[in-house]
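Written out below as structure tokens is the structure these notes cover.
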Amino acid sequence: MSGSPADEGSPAPGPERALRLGTRASTLALAQSGMVAEALTAATGRAVELVHVTTYGDTSREALSVIGGTGVFVNALREAIYAGDVDFAVHSLKDLPTAAPEGLHLAAITERAAVNDALVARDGLKLADLPAGAKVGTGAARRMALLKMIRPDLEIVPIRGNVDTRVNHVRSGDLDAVVVALAGLQRLGRAEEATEVFGPDVILPSPGQGALAVECKDPELAELLAVLDSPLTRAAVVAERTMLAVLEAGCSAPVGGHAIALDDNVLSLTGVVATVSGSRGLRLSHAGAVSEPEALGRRVAQALLADGAAELMEAGA
């Protein structure tokens, strides 16, 4: 698939044809894109068709930290937009690199679903009930580190794959439990499979977790897609992602962030940074104006850095 940010933009999609929504072909990605398509049609009357795009992250079995982080799920979708093969794309916001892409509009950030992580364990067990040495699978450095901070006696096993693949590790007996995003289970209608849901006070989520990002190239289409935007969700995730960017952390660093609107004017942001091993960690919160989420994100990141966050992210133990 060819195309670059410098390519001339395709004409704005006219009302005579369906809008082409680029999506990964996984069950979860299709469910999320289908939700966006239905919401857009309901709000604007425009028909939407899903166009499957295969990303390198879908075909490679290597660890995300090896193949370039969560951005590998995003690049092929962006290339499809640049090339004019699709009109817009839907991403899990936590997968988006913090650097803004040239020539694309983040037209909408949808209302956030649950931010929580969830445990899916054998025999309905909770985290505290797992025996010492139990094998718990996850693909995220953040989850690995925070789980080890809570239960250093567990064996944390790096895994990848879609929700089915991960949960089947438990069903088959290969693992005692896995940790996944609750929002993914909910969007697949499988929330009942969670044996425990972790509050942000226990396991802080990834910046942007639970929200969907809608990206396009054409400015007129961006105006149409803006009907799906949730201003409070956008403020919260901008604060979280600004914190991540200032920390210069990627998916290989154990960093969590969660912002929540205390009211229409005040936003509270909590950030956590840990060593990969979970032996040490920092956590702090600050509040700021909803209208200035970038300033809040910078403030939390700078406070974490002042307390030694850079050393923790670089440490292996």
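Equivalent ellipsoid semi-axes for the range 236-314, as square roots of 5 times the alpha carbon gyration tensor eigenvalues: give them largest first, rounded to whole Å.
So the three semi-axes of the range 236-314 are 22, 11, 10 Å.
How big is the chain on each of its three principal axes, counting only the C-alpha atoms and giving the largest first in Å?
Per principal axis, max minus min of the Cα coordinates gives 61, 45, 35 Å.
What is the sum of charges, Lys and Arg at +1 and Asp and Glu at -1, for the other residues whose Cβ falls under 14 Å from the Cβ of S206?
On the way: positive: K94, R112, R142, R143, R241; negative: D95, D117, E240.
Neighbourhood net charge equals +2.
For the chain, what is the calculated [θ] at 222 nm in deg cm²/dmol (nearest 500), taking -39500 (n - 2.57) for each run of four or more DSSP H residues and dividing by its residue count?
Mean residue ellipticity, 222 nm, calculated: -9500 deg cm²/dmol.
Mind pulling the angle between the C-alpha long axis of helix 293-306 and the longest principal axis of the chain? Nearest 10 degrees, somewhere in 0 to 90.
With rounding to tens, the tilt is 30 degrees.
Looking at the chain, which longest stretch skips every one of the GluC sites (Glu not before Pro) that is in a DSSP loop with at most 16 other Cβ atoms within 10 Å, leaving the sites themselves out?
Values: sites that count: E8, E16, E62, E102, E111, E248.
After excluding every exposed loop site, the longest remaining stretch is 112-247.
Between D201 and A42, what is the spin-label point distance in nm, taking each point 7 Å from the Cα along the Cα→C-beta axis?
My value for the distance between the label points is 3.3 nm.
What number, in percent, do you get for the relative contact order of the range 117-198 if the mean sequence gap of Cα pairs under 8 Å and at least 6 apart is divided by its residue count? Before the final figure, lay out each step's value.
Numbers: 125 pairs, mean separation 39.6, N = 82.
Result for the range 117-198 is 48 percent.
Which net charge results when you count Lys and Arg as +1 and Asp and Glu as -1 among the other residues whose beta-carbon is under 12 Å from that of L221?
Charge balance in the 12 Å sphere: -2.
Residues of the range 177-206 with backbone nitrogen within less than 15 Å of a virtual label 7 Å along the Cα-to-Cβ line of M35, please, listed as ranges.
Residues 181-192 qualify, since their backbone N sits under 15 Å from the label point.
In terms of modelled amide H atoms, which long-range or inter-chain residues lie less than 5 Å from the amide H of L19?
Here the answer is A47, V48, E49, since their amide H atoms fall under 5 Å of that of L19.
Just tell me which lysines come within less than 29 Å, Cα to Cα, of K135; anything on the same chain fewer than 8 places away is out.
Filter leaves K94, K126, K148.
So what J values fall out for the range 256-263 if you push phi through Karplus, 6.51 cos²θ - 1.76 cosθ + 1.60 with θ = phi - 60°, rounded to Hz, Gly and Pro as x?
So the J values, rounded to whole Hz, are x, x, 8, 10, 9, 6, 6, 7.
Where a number appears in this text, it was derived from the coordinates with a stated rule and is not lab data. Because the structure is predicted, anything quoted here is derived from the model rather than measured. When we count neighbours, we look across all protein chains shown, and the Cβ atoms used for this are built from the backbone with ideal geometry, even at glycine.
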